[in-house]
Amino acid sequence: MKYHYTSDFNHGTTDHDEAVHSDSAYGSSTVDTDTEDCQTLLETTFNYDEDLINKTIMVGDSGVGKTSLLVQYDQGKFIHGSFSATVGIGFTVMLLGDSAVGKTCVLVRFKDGAFLGGNFIATVGIDFRNKVVTVDNVKVKLQIWDTAGQERFRSVTHAYYRDAQALLLLYDITSKSSFDNIRAWLTEIHEYAQKDVVIMLLGNKSDMVAERVIKREEGEKLAKEYGVPFMETSAKTGVNVELAFLAVAKDLKHRAAKQPNEPKFQIHDYIESQKQKSGCCGGYM
Ligand SMILES: Nc1nc2c(ncn2[C@@H]2O[C@H](COP(=O)(O)OP(=O)(O)OP(=O)(O)O)[C@@H](O)[C@H]2O)c(=O)[nH]1
Ligand SMILES: [Mg+2]
């Protein structure tokens, strides 16, 4: 299968921390990990064969200079200053759903705390952003893949499913077709994604009360049918956006660090408990 692909993207499957820009190399120990804003990976540059997608992983002891080497290659400069180790635990989360449901806006809200209003610019191929979150006092890096919902990019998205550990599947509560298509998305997920992938269904644009055509109960019912957690979100107001990513990060982290006799992390219960904490007026519509 042929894809259009840019030339120099390194997509590590096992050690994302070394394959993407590191937070530590840029002097930040907080959350910002990518220096360029959304980097479009797939452009109409030249044809690329799926099997030849380049994957380069840098390995070596902590402190040998893997991150600095990557920054030098990427930006042509050396970052002076104190060394801080790249966080060791990282997961890949993929955003899926029809075009215009708000995937990019949800990601920007989570990453930058802002709402991308104005003209809608459809994502081309796949973009990515990194964000480090703290889960149970452990730093967890989420590499978030923002896919294009447009049909013509579907084959591109398929190539990335297998590397995703969690999928946030979005519909727009003001668009019946985007909701109806969720079943088709779930079929596709079962075909292409890892068997144990964490899936969460999100009904986005919950702020658009007057335009709503899909009731919250309908979203809940569909999610229950497929056994996946569900919540309504708004990239505009920020409602539940952070909770969605944190719940997924918590689930993945628990899976990765689970002791043999430790009970399984219950993502449904966690979401419900977090919702209740916000009380009546937290906007969990
Ligand atoms: N009111 C409101 N508008 C939103 C919300 N999320 C997204 N939008 C608007 O919906 C439109 C589409 O948002 P995008 O995030 O670009 O959609 P997308 O799912 O990334 O679309 P593709 O990249 O084509 O797959 C934009 O005009 C946004 O401003 C939301 O929560 N509330
Ligand atoms: Mg987009």
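The numbers here are math on the coordinates, done by the rules we state, and not lab data. The shown structure was predicted, so the numbers you read here are calculated from the model rather than taken from an experiment. Here the Cβ positions follow ideal geometry from the backbone for every residue, glycine too, while neighbour counts run over all protein chains shown.
Annotations
- The calculated FRET efficiency for ARG162 paired with ALA210, based on their beta-carbon distance and R0 = 41 Å, is about 0.50.
- Ranked by the mean number of other Cβ atoms within 10 Å per residue, highest first, peptides 92-101, 128-137, 184-193 order as 92-101, 128-137, 184-193.
- Estimated at 0.36 nm per residue, the fully extended path between ALA256 and HIS190 surpasses their Cα-Cα distance by 21.6 nm.
- Amide H contacts of GLY97 (H built 1.01 Å from N, under 5 Å, at least 5 apart or other chain): LEU170
- Residue pairs exceeding 28 angstrom between C-alpha atoms, taken from LYS77/LYS258; LYS141/LYS221; LYS111/LYS250; LYS131/LYS236; LYS139/LYS215: LYS77/LYS258; LYS141/LYS221; LYS139/LYS215.
- Two-site FRET efficiency, SER155 against ILE121, from Cβ-Cβ distance with R₀ of 30 Å, rounded to 0.05: 0.90
- Normalised radius of gyration (Cα atoms, divided by 2.2 N^0.38 Å) for the stretch 132-272: 1.07.
- The residues neighbouring ILE189, those whose beta-carbon lies less than 13 Å from its own, together hold a net charge of +1 under the Lys/Arg +1, Asp/Glu -1 convention.
- Working from Cα pairs under 8 Å separated by at least six residues, relative contact order for the stretch 89-278 is 23 percent.
- Other-chain or far-sequence residues with amide H under 5 Å of PHE91's (modelled H): LYS141, LEU142, GLN143
- Fully extending the segment from LYS221 to ILE57 would add 54.8 nm, taking 0.36 nm per residue of separation and subtracting the current Cα-Cα distance.
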